[in-house]
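Asker: The structure under discussion is supplied below as structure tokens; questions concerning it will follow.
The values are calculated or read from the model by the stated rules, or taken from the named source; none is laboratory data. Predicted model, so just to flag it, every value in this text is computed and none were measured. A quick note on method: Cβ atoms are made from the backbone with ideal geometry, for glycine too, and the neighbour counts reach across all protein chains shown.
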């Protein structure tokens, strides 16, 4: 598979086959079109009646709400729930990426994986203890933490099991929300964990830390101390407001770029330790059996990935013509370096534009202008990160992990950091389907 | 980058002294000193070496009775056929149950104690957690039907998959 930009003829705006356009060509073409409209009365035909004045233009609006909500017409832009009747098992809520744009996920649409729902924590009583291999164990309440130096950082959060349906034997017929919805992006504000660990002091024997929530099942994970001191944060705010209850109110651990489960919600205890505790969430969940007798554990960073959100299954194209191909890309190992897009199933590729700023360990939006000729196409995207990692092809992934042999229910998929290229086939009617290409 | 400083300090092996000295002057210092004894009820984590295991003990037979009362409703009679995770294989099956998969028996004790039963986490006594761990281990033939589980014996259980794991990214820890 080539990753080079396809050379184009000087008079053609196409950068790759099946109508992918040069991302820098749009402005010039726009001016040309505007000129044509200004002089070309023949391309418009006046209706018998002028356009009416809309009713909302003829009355006052509604009084302002104290806390604004999305417009009522957007009521379908919601998370999908895996356990709506709250049976005694894990609940998942998935982000509707096919109905969103940009890189920040609205807090109420942020994905959730919770073993027993979310707890009702009184912020006045909540405390965070740091103990174990420290010089002086300390305990912080929210009032104290609110006085500490804070930092705001934009990062993605992704479940280690996101995109797992891509490992089905046959392509799952599901939309981008079902396949990639355990991923979201937010601005997080809080206190650097290194600041608090400077206060407690660190026993040189400490190599790991245990992070634990105060929810019913007291979810716990072992985290390398190097990560804790590098860029971990005790996050108190999400997108400018206090963290939502499903996201860990009043505080969660943020370990940027690392698998979602390690970003322990409802955080109340950090214990510095010598060796990992081998918690259930690092020895059964969030492990992955590869070909042969070995099981991977301690995945940590979410690997480089991209997928196209527009168009995607459910977003049927309304006939030939201009569309923007848009999608999300990110890497737990740093910034995205480039994204290539193909409209012919990976034979030719063109480089997509990346919306600025391209931040490390954050969702980045890629865009590619496209003129669809109405013929069947297969759209794909592939990302590279600044650390030199490349999103694998299906063949590369199978070579490392073995090819999948079975089809299983979506909720039963293994938590294997699946980051293979996603392919959408568009038929002559504009319908979008998930395919393996 | 000041963020990096503690890393270098650790590498040099002086973390204890230097980070302690910094806290007196440069930092807000609003954390309240707390003792390990104060945190005794919170500190429920158990390491692979058995550190953190409470006094108490239990046998598979005792665990079977508790399982019937508190676990069967979700996990099924004898640990299979329920709505929740399969904890033991039905006759003729060889699925990856918790006891056959996790590397240490302490993992099972730790998880049951903190998270089970689902509607009433942390409601089990230490004896009950030992007994349930013993029952599930025995149902998977990891220990004998008469073996007693306690702080001494549990960390020594030879788990069938104890050497089955490799770190995905060993350079990250």
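Asker: Can you tell me which residues in segment B:33-42 are at the interface with another protein chain (Cβ under 7 Å from one of its Cβ atoms) and surrounded by 15 or more Cβ atoms within 10 Å (Cβ to Cβ)?
Answerer: B:34, B:39, B:42, listed by residue number.
Asker: Would you check which residues across segment A:197-207 are within 7 Å of chain B (Cβ to nearest Cβ) and surrounded by 21 or more Cβ atoms within 10 Å (Cβ to Cβ) and list them?
Answerer: Of everything in segment A:197-207, those that are within 7 Å of chain B (Cβ to nearest Cβ) and surrounded by 21 or more Cβ atoms within 10 Å (Cβ to Cβ) turn out to be A:197, A:198, A:199, A:201, A:202.
Asker: Against the conditions (1) at pLDDT 95 or above; (2) in a loop (DSSP other than H, G, I, E, B), where does residue A:271 fall short? Just the number, please.
Answerer: Only one criterion is unmet by residue A:271, namely (2).
Asker: Those residues that are touching a strand residue (DSSP E or B) at 6+ places or on another chain (Cβ under 7 Å), assigned to a loop (DSSP other than H, G, I, E, B) and closer than 21 Å to residue A:96 by Cβ, I need them from segment A:139-162; list them, please.
Answerer: Correct list: A:159, A:160, A:162.
Asker: What residue, of B:82, B:76, B:58, B:50, is modelled with pLDDT under 95, crowded, with 16+ Cβ neighbours inside 10 Å, more than 19 Å from residue A:213 (Cα to Cα) and more than 8 Å from chain A (Cβ to nearest Cβ)?
Answerer: Being modelled with pLDDT under 95, crowded, with 16+ Cβ neighbours inside 10 Å, more than 19 Å from residue A:213 (Cα to Cα) and more than 8 Å from chain A (Cβ to nearest Cβ) holds for just one of B:82, B:76, B:58, B:50, which is B:82.
Asker: Something else: Taking segment A:109-144 only, how many residues are touching a residue at least 40 places away in the same chain (Cβ under 8 Å), surrounded by fewer than 16 Cβ atoms within 10 Å (Cβ to Cβ) and facing another protein chain (nearest Cβ under 9 Å)?
Answerer: Matching residues across segment A:109-144 total 1.
Asker: Additional query: Any residue that is outside any helix (DSSP H, G or I), at pLDDT 95 or above, within 13 Å of chain A (Cβ to nearest Cβ) and surrounded by fewer than 19 Cβ atoms within 10 Å (Cβ to Cβ) - is there at least one of those in segment B:132-148?
Answerer: Looking for residues that are outside any helix (DSSP H, G or I), at pLDDT 95 or above, within 13 Å of chain A (Cβ to nearest Cβ) and surrounded by fewer than 19 Cβ atoms within 10 Å (Cβ to Cβ), one finds none in segment B:132-148, hence no.
Asker: Answer yes if at least one residue in segment A:192-202 is within 24 Å of the chain's Cα centre (by Cα), without any contact (Cβ under 8 Å) to a residue 60 or more places away in the chain and not in a helix (DSSP H, G or I), and no otherwise.
Answerer: So far as segment A:192-202 goes, yes, one or more of its residues are within 24 Å of the chain's Cα centre (by Cα), without any contact (Cβ under 8 Å) to a residue 60 or more places away in the chain and not in a helix (DSSP H, G or I).
Asker: Turning to a different aspect of this structure: Somewhere in segment A:54-71, is a residue within 14 Å of another protein chain (Cβ to nearest Cβ) and surrounded by 10 or more Cβ atoms within 10 Å (Cβ to Cβ)?
Answerer: Restricting attention to segment A:54-71, the residues satisfying the condition of being within 14 Å of another protein chain (Cβ to nearest Cβ) are none.
The answer is no; no qualifying residue exists.
Asker: Within segment A:409-422, can one find any residue that is surrounded by 15 or more Cβ atoms within 10 Å (Cβ to Cβ), more than 21 Å from the chain's Cα centre (by Cα) and either outside the structural domain of residue A:259 (by TED's automatic domain parsing) or over 25 Å from residue A:113 (Cβ atoms) (or both)?
Answerer: No, there is no match, as no residue in segment A:409-422 is surrounded by 15 or more Cβ atoms within 10 Å (Cβ to Cβ), more than 21 Å from the chain's Cα centre (by Cα) and either outside the structural domain of residue A:259 (by TED's automatic domain parsing) or over 25 Å from residue A:113 (Cβ atoms) (or both).
Asker: What number of residues within segment B:162-173 satisfy the criterion of being surrounded by fewer than 17 Cβ atoms within 10 Å (Cβ to Cβ) and either more than 19 Å from residue B:108 (Cα to Cα) or in contact with a helix residue (DSSP H, G or I) (Cβ under 9 Å, 6 or more places away or on another chain) (or both)?
Answerer: Qualifying residue count for the region: 7.
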